[in-house]
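The values are calculated or read from the model by the stated rules, or taken from the named source; none is laboratory data. Predicted model only: the values in this text are computed from it and were never measured. Ideal geometry is used to build each Cβ from the backbone, glycine not excepted, and the neighbour counts take in all protein chains shown. These accessible areas exclude ligands, DNA and RNA; they are computed on the full protein's heavy atoms, side chains included. Shrake-Rupley method; radii C 1.70, N 1.55, O 1.52, S 1.80 Å.
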Amino acid sequence: MFTPLILPNGSRLPNRLAKAALEENLADEGQLPGPALWRLYRHWGIGGAGLIITGNVMIDGRAMTGPGGVVLEQDTPLEAFKTWAAASRQEGAQVWMQLSHPGRQVMANMGGNAWAPSAIPMAMGKYSKAFAQPEAMSEAQIAEVIARFAASAHAAEKAGFTGVQIHAAHGYLISQFLSPLANRRSDRWGGELANRARLLLEVVRAVRQRVSPDFCVAVKLNSADFQRGGFSPDEARQVLLMLNELPVDLVELSGGSYESPAMQGEAADDSTLAREAYFLTFARDLAAVARMPVMTTGGIARPSVAQRVLNSGVAVVGIATAMAEIPDLPRRWQTGEAPHALPAPVKWRDKTLTLLARMALIKRRMYALSRDRTRNVRYSPLWSLLIDRWRTRRTLRRYHAWLRQR
């Protein structure tokens, strides 16, 4: 776990443990990183991880997963981002910015755009109407998105980040293009897998052209959508072989989407996910054919599990929820400690509310860390969900005001 890793572009990770992305929803005025995010990442910056990946940063302020998200566009001022990068890098970790476009996974009350490969709405049962009606993208809109990913990566490098991770998982826009359920296009962006993967490949190429050779370019890819008829493990393998031909420094394997939240241990296709290291089987198989290092994330909270991941041939262990609970978990593992690092389980009958409550618990913990409240507290899932809804409504008003000013 604590040996360095040299990446394909020659840069170095100090160890094999990564703080994986968690959506913080802690943006300041103007959708910029502010003191809350700086304090949160200072805790992770001294926590002992060799790699720190930010929560998803939006490449387009008109398309957001939530009103508290950070936006980085071509003309965004960079001073706040420089402070954010410096806070994360204070003890030598690499820090990569996760770049994302939500596509159709936009709430209806957000306003703005819900661009998608096809005009197929979210299938969330009684919660479907909470999401915006998606708009099938034109060629010009696809070209704009590619250019935006590249511009945001260039800005991240100027701000002091050491890499970016292109989010092509969890049902966001690039993942939607990959999915035969969400992508019903009949042009060069749809149909056979080579066409559905075109957006991802073009984004990687465009990003690499805008950044320096020693700046890391990574991809987060679903090992599967865990939906019948969706993006399959075999298709994930084929996409990975396509990425082998490009200068990609690391691929993180995850899975699921809002419709089938496998990243939370729940799947819509009746498959059973392991309680820890959800995607290890997929990651192990794909690592065998990958030319770049492979990372997997999903439920990892114990050093024995992390070591099992590395023993399987996976190069980097991603830790997400456990590092929200205990931000210096890697450092504690290095000293021989193995503290309990997971929040209280939530097992309500309503799966969507269960997912929201689990996310609310994590966000409440990150909020506490952003206020330098480090004592680990076992929060109530119900109260955490109510607090999260209240904070979201307050932040939504601020976001709408910002959107109108633009």
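When all protein chains stay in place and ligands, DNA and RNA are ignored, the 1.4 Å accessible-area order of Lys19, Lys129, Lys82, Lys363, largest first, is Lys129, Lys82, Lys363, Lys19. Our estimate of slack between Leu342 and Ala86, defined as 0.36 nm per intervening residue step minus the Cα-Cα distance, is 89.4 nm.
Calculated accessible area for the chain comes out at 39 Å² per residue, all protein chains present (probe 1.4 Å; ligands, DNA, RNA ignored). Measuring with a 1.4 angstrom probe and ignoring ligands and nucleic acids, Thr335 comes out at about 100 Å² accessible. Calculated translational diffusion coefficient of segment 68-148 (37 °C, 0.692 mPa s; Stokes-Einstein with Kirkwood radius over alpha-carbon pairs) equals 215 µm²/s.
Entry for segment 18-61 at q = 0.27, 0.31 Å⁻¹: log10 I(q)/I(0) = -1.05, -1.21, Debye formula applied to identical alpha-carbon scatterers, no solvent contribution.
By the Cα gyration tensor, segment 144-183 has an equivalent ellipsoid whose semi-axes, rounded to whole angstrom, run 25, 11, 5 from largest to smallest.
The calculated Kirkwood hydrodynamic radius for segment 274-406 is 16.9 Å, given to one decimal from all distinct C-alpha pairs. With a 1.4 Å probe and all protein chains left in place, how much of the accessible area of the chain comes from carbon and sulfur atoms, in whole percent? Percent of accessible area from carbon and sulfur atoms in the chain: 51. For Val95, the residues whose amide H sits under 5 Å from its own are Ile52, Thr162, Gly163, ignoring neighbours fewer than 5 places away on the same chain, with H placed 1.01 Å from N.
Annotation: lysines with alpha-carbon distance below 20 angstrom to Lys220 (same-chain offsets under eight excluded): Lys19. Build a GNM of the chain with springs between Cα atoms under 10 Å: which of Ser152, Ser223, Ser384 gets the top mean-square fluctuation? Of the options given, Ser384 has the highest mean-square fluctuation. Between amide H atoms placed 1.01 Å from N, distances below 5 Å from Val57 occur with Gln98, Leu99, Ser100, all of them 5 or more places distant or on a separate chain.
Could you please report the charge total around Ser186, scoring K, R as +1 and D, E as -1 over all other residues with beta-carbon less than 15 angstrom from its beta-carbon? Charge balance in the 15 Å sphere: +2. Measuring spread by the Cα atoms of segment 1-151 yields a radius of gyration and Dmax of 17.4, 49 Å. Approximating the spin labels as points 7 Å out from Cα along Cα→Cβ, the Arg373-to-Asp28 distance works out to 2.1 nm.
If you bin all the Cα-Cα distances of the chain at 20 Å, starting from zero, the percentages per bin are 29, 64, 6. A 1.4 Å probe over all protein chains sorts His167, His400 by accessible area into His400, His167, starting with the largest.
Start at zero, step by 10 Å, and the Cα-Cα distances of segment 1-87 spread as 17, 43, 30, 11, 0 percent across the bins.
A crude spin-label estimate for the pair Thr281 and Leu403, with each label 7 Å from Cα along the Cβ direction, gives 4.1 nm.
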